[in-house]
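Report on the following structure.
The values are calculated or read from the model by the stated rules, or taken from the named source; none is laboratory data. As the structure is a prediction and not an experimental result, all values here were calculated from the model. Methodologically, a virtual Cβ is constructed for each residue, glycine included, from the backbone with ideal geometry; neighbour enumeration extends over all protein chains shown.
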Amino acid sequence: MLPFPLEILVVKYVVNPFSYNEYSQILHCIKKHHEIIDYSQVNKDTKQFAVIRHDVEFSVERAYDFAKLEKTLEINTSYMFQIRNNAYNLFSNENIKMVREINAMGHKIGLHVHLGGLSSFAEISKYILHDSKIMESFLQIPINRFSFHRPPKEALKMNVKLEGLINTYEDRFFEFREEEDGFENLQIKYISDSRHAWNYGYPDEKTIKANSKIHFLFHPYSWTEHGFDNRLNFQSLKDEKVRVFTNTVKTECNHFSGHFQ
Ligand SMILES: [Zn+2]
């Protein structure tokens with residue numbers, strides 16, 4: 001007989017929310033119950049799948065670090081970048097280099113469609129084709145997929161299908177449901193960390209095991225080695241951006257005051 005209760009022998013391994021450790025745990029659980037496949041491998045007859053994409057909102061640097069983490073976890077996913085946001089310039093030399101490296105690690109690269117420059121939904125196909133071609137010409141790597149940034153219902157309902165471009169919200173991977181009807185009992189479970197929260201449910205083992213088709217969206221800006229709550233995460237992101245900007249100015253000119261370093 002043991003001299004003390006068994007439970008005190010169990011060291012609880014607590015990880016910070018949104019840390020790389022937490023992401024590694026989620027990934028191990030997905031791998032345990034599913035085969036993580038690429039969007040291109042899913043068709044209407046596919047009975048079971050897990051697809052993973054990353055929409056890159058604010059930081060190519062964080063996407064790059066996240067891609068390296070995924071490389072150590074031996075998975076390949078899709079990284080979707082914006083070309084119309086005001087937080088990063090995808091076509092700077094540094095960013096092009098990082099995106100190409102992400103691609104060279106085995107991840108796919110796609111367009112994260114910011115609809116802010118769209119004048120009418122009738123033009124949506126032209127708009128996406130135009131932006132993906134520009135992206136391809138700058139990056140010189142294949143762009144064969146897109147995801148909508150903050151998709152309005154109209155965009156989701158349209159189920160846009162374009163030659164040579166996978167719409168990650170296509171009905172193969174995503175089941176549209178009006179919010180008021182709830183998200184229970186969908187054939188394709190959607191799990192997202194949007195706004196640094198799990199509004200469609202947390203990807204715990206029970207949820208991952210219970211669903212045969214799962215579409216995961218993880219935003220790299222939310223995830224760091226340490227793992228932060230929403231406020232501290234934005235603070236650390238802002239600090240990183242200041243460092244990048246400071247370095248940029250320092251390398252561009254020699255009249256930048258040392259006071260800001
Ligand atoms: Zn987005």
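With respect to being more than 16 Å from the ligand (Cβ to nearest atom), loosely packed, with under 15 Cβ neighbours inside 10 Å, under 22 Å from residue 51 (Cα atoms) and not basic (Lys, Arg), residue 185 fits the description. From the residues in region 133-153 that are away from the ligand (no atom under 12 Å from the Cβ) and assigned to a loop (DSSP other than H, G, I, E, B), which one is surrounded by the most Cβ atoms within 10 Å (Cβ to Cβ)? This residue is 143.
Taking region 188-202 as the range and being in contact with a strand residue (DSSP E or B) (Cβ under 6 Å, 6 or more places away or on another chain) and more than 16 Å from the ligand (Cβ to nearest atom) as the test, the residues that pass are 188, 189.
Does residue 254 satisfy the criteria of being surrounded by fewer than 13 Cβ atoms within 10 Å (Cβ to Cβ), touching a strand residue (DSSP E or B) at 6+ places or on another chain (Cβ under 8 Å) and outside any helix (DSSP H, G or I)? No. Among residues of region 185-204 that are in contact (Cβ under 8 Å) with a residue 24 or more places away in the chain and at positive phi, those with a beta-carbon under 7 Å from a residue that is within 14 Å of the ligand (Cβ to nearest atom) and not hydrophobic (A, V, I, L, M, F, W, C) at least six positions away or on a different chain give the pairs 196/222.
Answer yes if at least one residue in region 160-178 is among the polar types (S, T, N, Q) and more than 29 Å from residue 104 (Cβ to Cβ), and no otherwise. No, the conditions are met nowhere in region 160-178. If the condition is being closer than 18 Å to residue 218 by Cα, of a type in the set (S, T, N, Q) and either within 16 Å of the ligand (Cβ to nearest atom) or part of a helix (DSSP H, G or I) (or both), then region 69-114 contributes 72, 77, 78, 82, 103. Taken over region 165-203, residues that are among the hydroxyl-bearing types (Ser, Thr, Tyr) and part of a strand (DSSP E or B) amount to 2.
Residues checked against (1) under 21 Å from residue 245 (Cα atoms); (2) out of contact with any Asp or Glu (no Cβ under 6 Å at 6 or more places or on another chain); (3) of a type in the set (D, E, K, R):
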site	(1), (2), (3)
36	no, yes, no
47	no, yes, yes
57	yes, yes, yes
65	yes, yes, yes
73	no, yes, no
87	yes, yes, no
92	yes, yes, no
103	no, yes, no
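With the structure loaded, tell me whether residue 43 is modelled with pLDDT under 95, in a loop (DSSP other than H, G, I, E, B), within 16 Å of the ligand (Cβ to nearest atom) and surrounded by fewer than 19 Cβ atoms within 10 Å (Cβ to Cβ) or whether it fails that test. Against the criterion (modelled with pLDDT under 95, in a loop (DSSP other than H, G, I, E, B), within 16 Å of the ligand (Cβ to nearest atom) and surrounded by fewer than 19 Cβ atoms within 10 Å (Cβ to Cβ)), residue 43 does not qualify.
In this structure, residue 180 does not satisfy being over 15 Å from the mean Cα position of the chain (by Cα), of a type in the set (D, E, K, R) and at pLDDT 95 or above.
Applying the set (1) of a type outside the set (Val, Ile, Thr); (2) farther than 22 Å from residue 78 by Cα; (3) within 16 Å of the ligand (Cβ to nearest atom); (4) surrounded by 13 or more Cβ atoms within 10 Å (Cβ to Cβ) to residue 232 leaves exactly one unmet item: (3).
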